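Below you'll find the structure, written out as structure tokens, and then a few comments.
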Amino acid sequence: MKKEFETSESMRIGILLAICGGFMDAYSYTGRGGVFANAETGNIVLLAISLGNHNLRGVFHYLVPIVSFAVGVMISQHVKIIRKNRPTRLHWRQITIFFEMIAMFIAGFLPQEYNLIANSLISLTCGIQVVTFAKVRGYAISTTMCTGNLKVGTMNLNMYLATKDSSYARKCLHYYGCIMFFVLGAIMGDFFTRRLNASASFIVVGLLLIANILMFFNHKNSERKSDEQSGN
């Protein structure tokens, strides 16, 4: 029996979001002051160093994107709760993608002196995406960072080498595949940011729009199939 997955867990959307994740990290590093706005662990470490050195300006500099990430998580959960209590034909994940698009659209207009705000908007987007799209074809995969994917992918590779069970190989390929598309997104992000500067974030907006459209049509198709099955 073929296992069914939610529309948001499809490979096509997972690939697009992984490319977006890599693109945003390269964009923030290349064009927004040499920081990785997706990686809050690094911000927390730098926040701790600033605290230890009594650097209040540094504390604020790293605290803002951390809080923005947390706000993104809250937005995602809040939209999910509201939409589950008030179901509509528009999937709640499509609404969260809309918030991501707005954040990256605004970032594209911000000059260099507002890099803190731009990076905070990217952190907000990351917080939304990491909660909203937590799985690809049933596997718990992150499309905004690679550490967890590298860990789980390598564990499955090791299990395959030890047992020759093909299911471990499939899992490994999913996790390593996500890393590969994240890397592709980072290459694209660096390339376009060097040429388009801040406006490169509009490419992320376009990719998110494509993901949103794919979800819309897939969601409609799923509803149609459900209606047909209930009518039989």
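The values are calculated or read from the model by the stated rules, or taken from the named source; none is laboratory data. Every value quoted in this text rests on a predicted model; they were computed, and no experiment measured them. Backbone-built Cβ (ideal geometry, glycine too); neighbour counts: all protein chains shown. Accessible surface areas use protein heavy atoms only, side chains included; no ligands, DNA or RNA. Shrake-Rupley method; radii C 1.70, N 1.55, O 1.52, S 1.80 Å.
Which angle from 0 to 90°, rounded to the nearest 10, does the C-alpha axis of helix 11-31 make with the longest principal axis of the chain? Approximately 0 degrees, to the nearest ten.
Computed log10 I(q)/I(0) for region 14-139 at 0.09, 0.10, 0.14 Å⁻¹: -0.27, -0.34, -0.63, from the Debye equation with unit scatterers placed on every C-alpha and solvent omitted. Residue ranking by accessible heavy-atom surface, 1.4 Å probe, largest first, among Lys135, Lys171 comes out as Lys135, Lys171. Between 0 and 90 degrees, rounded to the nearest ten: what's the tilt of helix 166-196 against the longest Cα principal axis of the chain? Orientation of helix 166-196: about 40 degrees from the principal axis.
Heavy-atom accessible area with a 1.4 Å probe sorts His174, His61, His54, largest first, into His54, His61, His174. To the nearest 10 square angstrom, what accessible area does Thr41 show with a 1.4 Å probe? The value for Thr41 is about 100 Å².
Loop-resident trypsin sites (Lys or Arg not before Pro) (DSSP state other than H, G, I, E or B) in region 12-118 with no more than 12 further Cβ atoms inside 10 Å of their Cβ: Arg89.
For the Cα atoms of the chain, what angle does the longest principal axis make with the long axis of helix 115-132, in degrees from 0 to 90, nearest 10? That works out to roughly 20 degrees.
For the chain, the solvent-accessible area with a 1.4 angstrom probe is 55 square angstrom per residue.
For Tyr139, the solvent-accessible surface with a 1.4 Å probe is about 50 Å², rounded to the nearest 10. Accessible area ranking (1.4 Å probe, heavy atoms, ligands and nucleic acids excluded), largest first, for Val64, Val183: Val183, Val64. Count Lys and Arg as plus one, Asp and Glu as minus one, and take only other residues whose Cβ is under 14 Å from that of Met145; the net charge is then -1. Over the heavy atoms of Ile187, what accessible area does a 1.4 Å probe trace out, to the nearest 10 Å²? The accessible area comes out at roughly 110 Å². Backbone amide hydrogens, once placed in the peptide plane, bring Thr143 within less than 5 Å of nothing, excluding anything fewer than 5 places away on its chain. Over every Cα atom in the chain, the radius of gyration and the widest Cα-Cα span, Dmax, amount to 18.9, 69 Å.
Starting from the exponent 0.38 and prefactor 2.2 Å, build the expected Rg for region 30-74 from its residue count and divide its actual Cα Rg by it.
1.14
Using a probe radius of 1.4 angstrom, the carbon and sulfur fraction of the accessible surface of the chain is 65%.
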